[in-house]
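Visitor: I'd like to ask you about the structure that follows.
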Amino acid sequence: MSIDLSLLPTPPMGFNTWNHFHMDITEQLVVETIEAFVAEGLRDAGYRYVNIDDGWMAPARDRRGRLTPDPARFPGGIRRLSDLAHQQGLKLGLYTDCGTRTCGGLPASYGHDQVDAEVFADWGIDYLKHDWCHVPFEDFPGLGEAQVAETLYGRMSDAIVKTGHPIVLSMCNWGHGHPWEWARGMAHLWRTTPDIADAFSGFTPDGVMSVCEIFHRNIVLADFAGPGGFNDPDMLEVGNGGLSAVEEEAHFALWCLMAAPLLLGNDLRSLDAATRRLITHPGLIAINQDPLCRPARMVASEGGVHRLLRPMADGSSVWALFNERACERSVPFPLGGNAAGPVSDVIADQTYDQVPGQVAVPAHGVRVFRVG
């Protein structure tokens with residue numbers, strides 16, 4: 001059985017609890033985040049999914065073998081939160097895992113796919129992040145990691161389809177087994193990388209990657225993404241404090257250019273003005289949500305400055321210059337003097353009467369131009 005690709009015509013926009021809160025989550029946090037979506041203008045900017053990550057489950061299944069919410073952290077239950085989100089024009093997402101336990105050691109879905117999918121459907125869940133911890137590879141002798149992943153994710157995908165309830169399925173196996181090569185039709189998005197770190201560049205500890213490391217791993221996979229199925233280079237770290245303002249701008253813009261999910265990972269209850277302006281930037285969001293869904297490609301790279309190109313549904317094109325180095329660079333405008341049609345600086349929201357000859361790209365920064 002194949003999932004309904006029409007559920008996700010463009011990359012999902014929303015929020016996930018993990019990057020900022022990890023397993024320290026409560027019902028009240030989710031309620032206040034839903035309220036922040038409305039009060040901070042995120043819903044109006046296109047953000048829809050409020051996703052609860054690991055930590056929501058009780059330590060054991062109930063007597064019927066069903067997952068239940070932790071009674072101390074989520075005393076009102078998940079259905080209440082789903083109803084609240086839907087009343088506000090939003091959607092609610094939840095988390096589980098392919099293995100015997102979640103990454104945080106709570107009950108997971110191995111051997112329980114159908115009953116879990118039915119519970120999620122009963123609760124009105126709209127989005128499911130399915131993780132890859134504690135996988136019992138010993139139960140699959142002779143199979144490689146990709147084959148095990150296809151088997152386990154296929155089970156949850158089929159279980160969701162059987163419920164008849166529309167749920168976006170996010171495959172979070174960290175890029176193991178090259179899921180971009182086989183996951184379309186099984187999931188709506190698939191992780192291409194390990195977890196993201198709140199760091200711009202450099203090598204990071206095992207299990208996490210900096211923004212630049214993830215960018216280089218994901219940018220080469222443009223051929224595999226399109227309407228209904230997207231490469232997922234993990235959630236955003238904007239607003240979490242580890243990046244400078246210029247680095248945050250580059251991080252957000254690159255994810256928009258790559259047609260990546262825009263899943264905020266900061267505390268939305270305490271947004272500052274600069275973060276709010278960036279994550280609601282209409283020009284960048286329009287690139288991310290363009291219905292053609294053709295991710296940017298790296299067309300040239302020299303001296304730490306990378307030139308990216310993304311075609312758009314209206315026939316225009318988006319050119320970007322990303323400077324990975326720690327010093328400002330002045331480089332030729334991507335099209336020289338041959339731009340056909342108007343040229344606008346997307347981030348500055350400025351239209352040029354004359355095509356610039358040289359473009360100053362700040363250290364760890366990005367410049368984005370829309371042509372035509």
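Visitor: Sort the following peptides by mean Cβ neighbour count (other Cβ atoms within 10 Å, averaged over residues), highest first: 240-247, 171-178.
Guide: Top to bottom by mean Cβ count within 10 Å: 171-178, 240-247.
Visitor: Taking the radius of gyration and the Kirkwood hydrodynamic radius from Cα positions alone, what is the Rg/Rh ratio for region 297-371, to two decimal places?
Guide: 0.94
Visitor: If you average the alpha carbon positions of region 173-248 and of region 69-120, how far apart do those two centres end up, in angstrom?
Guide: First find each Cα centre; the distance between them is then 24 Å.
Visitor: Which one of 189, 343, 288 has its Cα pushed farthest toward the positive end of the charge dipole of the chain, where Lys and Arg give +1 and Asp and Glu give -1 at the Cβ?
Guide: 343
Visitor: Further question: Equivalent-ellipsoid semi-axes (√(5λ), Cα gyration tensor) for the chain, whole Å, largest first?
Guide: The answer is 36, 22, 19 Å, longest axis first.
Visitor: Using only helices, what value at 222 nm comes out for the chain when you add -39,500 (n - 2.57) per DSSP H run of length 4 or more and divide by the total residues, to the nearest 500 deg cm²/dmol?
Guide: Working: 10 runs with 96 residues, N = 372.
The helix-only estimate for the chain comes to -7500 deg cm²/dmol at 222 nm.
Visitor: Where is the GNM fluctuation largest for the chain (alpha-carbon springs, 10 angstrom cutoff): 150, 302, 237?
Guide: Comparing 150, 302, 237 in the GNM, the peak value goes to 302.
Visitor: Grab the Cα-Cα distance for residue 363 and residue 118, subtract it from 0.36 nm times how many residues apart they are, and report the gain in nm with one decimal.
Guide: 83.2 nm
Visitor: Specify the residue with the greatest mean-square fluctuation among 236, 292, 169, computed from a Gaussian network of the chain linking alpha-carbon atoms under 10 Å apart.
Guide: It is 292.
Visitor: Have a look at the DSSP beta bridges in the chain and tell me what percent are antiparallel, nearest 5.
Guide: Around 55 percent of the beta bridges assigned by DSSP in the chain are antiparallel ones.
Visitor: Identify which of 11, 166, 261 has the largest mean-square fluctuation in a Gaussian network model of the chain, with springs joining Cα atoms closer than 10 Å.
Guide: In this elastic network of the chain, the residue with the biggest mean-square fluctuation among 11, 166, 261 is 166.
Visitor: Moving on to the next point. Hey, what did region 5-288 get for relative contact order, percent, Cα under 8 Å, at least 6 apart?
Guide: That works out to 19 percent.
Visitor: Output needed: percent of Cα pairs per 5 Å distance bin for region 1-55, bins running from 0 to the one holding the longest distance.
Guide: 5, 17, 24, 19, 16, 12, 6, 1, 0
Visitor: Oh, and also: Measure out, as a whole number of angstrom, how far apart the alpha-carbon centroids of region 295-329 and region 24-68 sit.
Guide: Region 295-329 and region 24-68 have Cα centres spaced 36 Å from each other.
Visitor: By how many degrees, 0 to 90 and rounded to 10, does the Cα axis of helix 113-122 deviate from the longest principal axis of the chain?
Guide: Its long axis makes an angle of about 80 degrees.
Bear in mind that the values in this text are calculations on the coordinates, not laboratory data. It should be emphasised that the depicted structure is a prediction, and the values quoted were computed from it without experimental measurement. Heads up, the Cβs are rebuilt from the backbone with ideal geometry, glycines too, and the neighbour counts pull from every protein chain shown.
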